[in-house]
Amino acid sequence: MQGTEYERHEDFLEKTRAIFAEREKEFQLRQQAFEEKEKGLKALLKHITSERKELEGQREELTAKQKALEEDREALNSRSLELEEQEQGLKARQEHFEKWEKDQLMKYNLELEQVRNEEMKLKRLTDDYNYRISLLEPGVAEALQNPVPAVDLENYISIDEHNHRIRLGEEKVQNLMKEQDELKATAREMQKDREELKATAREAQKEREELKATIQEMQVERGKLLDKIVELRSSQTAEACGPGSKSRGETKGTQPAGIVPETEEELTAHVLQSYLKRNRTDLDELEIRHSEDGELLYAKGRGLTYHFLFVEPATFDISAERKNSPRLRRQLETCNEKFPGVQFCYDEAEKKVCATGYFTNQMKAYELMKRVQEIADCFRQE
């Protein structure tokens, strides 16, 4: 009887040891799987941290390039204004020179006609003088049977004085011709200056076009960088949440109170237009315009103009009429530092301040408009 009971205890202990051994094995397998997952997550975190540092470096480099481009743009605008002032000054000098040349030519022609009159008068007096002298010769008066009255020679000029007047007239004509040659030389120099100024203006225009091309390339590069940042943040959110996490709407945040909820769909011009019609009654104008690049949503209200261009990458810009001033330029620099992904600038031609940014069609409408509203509030503070 005791032997049988002892065998039952031994059998129970053997089964218990087997159960605990199996449990220990499961614990070890679980520990091993946990360590492998931890190792993978650490490697992923290290990779994400490295990519974040690289993206931060690219963003700083892009900000520096943008600042350099702004400085180049200001220098180019200053150079353009200087060239315009020089061209206006040259035009005024040209008009003055043309008027002066015309006056000098009229003066030259007038004095030339006066000299010709003097020559004709001298010739007439000389002929009359010679004729009357010939009448004084002996026998001429009797032969002509015409008594000759006494001649007062003081009323006539001498041949030397006549020649002297002719020389003075010729010298005056030569001086006028010399002045005319000098005027023509001055005109040629001014024409040369004008050609050089036009060449400088063409070079400035070429530099302006190259700068615009560089800005467009940087905008494309910024769009790619923004896509990488959005993709990286999405991957971080997905890794952080894992299985059983909150839904997509809960992960991205809760909509503000009073906003009509939007459906889960890709952000397009029609979706954003529908959202704005439901939630933004302050917009006076709201319409979709079609262009070669893609669909453009135009909106206007409270003194601000909005453009949402749905291309790749998608962009938005806000503009408002402002008067340029040093204070405004300082505020633009502050806004550029406050919003790294947005470019603030001033359009001299249209007298407007503008802000341009990027977004993706995976964003929700209220998220996009929340960011746009922050930038618009910055505009109103200006």
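Please work out which one of (1) under 14 Å from L304 (Cα atoms); (2) surrounded by fewer than 20 Cβ atoms within 10 Å (Cβ to Cβ) is the condition A355 fails and give its number.
For A355, the failing item is (2).
Give the residues of the range 353-369 that are touching a Phe, Trp or Tyr at 6+ places or on another chain (Cβ under 7 Å) and more than 15 Å from L272 (Cβ to Cβ), sorted by residue number.
Listed by number, the residues that qualify are V353, A355.
Would you confirm whether or not the range 35-44 contains a residue that is touching a residue at least 40 places away in the same chain (Cβ under 8 Å) and out of contact with any Ser or Thr (no Cβ under 6 Å at 6 or more places or on another chain)?
Among the residues of the range 35-44, at least one is touching a residue at least 40 places away in the same chain (Cβ under 8 Å) and out of contact with any Ser or Thr (no Cβ under 6 Å at 6 or more places or on another chain), which makes the answer yes.
To keep it simple, each residue is scored yes or no on (1) among the aliphatic types (A, V, I, L, M); (2) modelled with pLDDT of 90 or more; (3) touching a strand residue (DSSP E or B) at 6+ places or on another chain (Cβ under 9 Å); (4) surrounded by 15 or more Cβ atoms within 10 Å (Cβ to Cβ).
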| residue | (1), (2), (3), (4) |
| --- | --- |
| I288 | yes, yes, yes, yes |
| E292 | no, no, no, no |
| L296 | yes, yes, yes, yes |
| E312 | no, no, no, no |
| E321 | no, no, yes, no |
| E367 | no, yes, yes, yes |
| D377 | no, no, no, no |
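For the range 25-54, enumerate the residues that are more than 58 Å from the chain's Cα centre (by Cα) and among the polar types (S, T, N, Q).
Result: Q28, Q31, Q32.
Restricting to strands (runs of 3 or more DSSP E) lying wholly in the range 297-352: which have 2 or more residues that are in contact (Cβ under 8 Å) with a residue 24 or more places away in the chain and closer than 23 Å to L276 by Cβ?
304-310, 314-321
Quick one: would you say R302 is surrounded by 12 or more Cβ atoms within 10 Å (Cβ to Cβ) and not aromatic (F, W, Y)?
For R302, the condition - surrounded by 12 or more Cβ atoms within 10 Å (Cβ to Cβ) and not aromatic (F, W, Y) - is not met.
Quick one: would you say E71 is at pLDDT 85 or above and assigned to a helix (DSSP H, G or I)?
Considered against the rule, which asks whether it is at pLDDT 85 or above and assigned to a helix (DSSP H, G or I), E71 comes out as yes.
Taking S80 as the residue in question, decide whether it is modelled with pLDDT under 80 and out of contact with any strand residue (DSSP E or B) (no Cβ under 9 Å at 6 or more places or on another chain).
yes
Based on this model, can you work out whether R330 counts as out of contact with any His (no Cβ under 7 Å at 6 or more places or on another chain), at pLDDT below 90 and on the phi > 0 side of the Ramachandran plot?
So R330 fails the test.
When you scan the range 333-359, how many residues do you find that are out of contact with any helix residue (DSSP H, G or I) (no Cβ under 9 Å at 6 or more places or on another chain), charged (D, E, K, R) and at negative phi?
Qualifying residue count for the region: 3.
The values are calculated or read from the model by the stated rules, or taken from the named source; none is laboratory data. Given the structure is predicted, the values throughout are model-derived calculations rather than measurements. Glycine also receives a Cβ, built like all others from the backbone with ideal geometry; neighbour counts cover every protein chain displayed.
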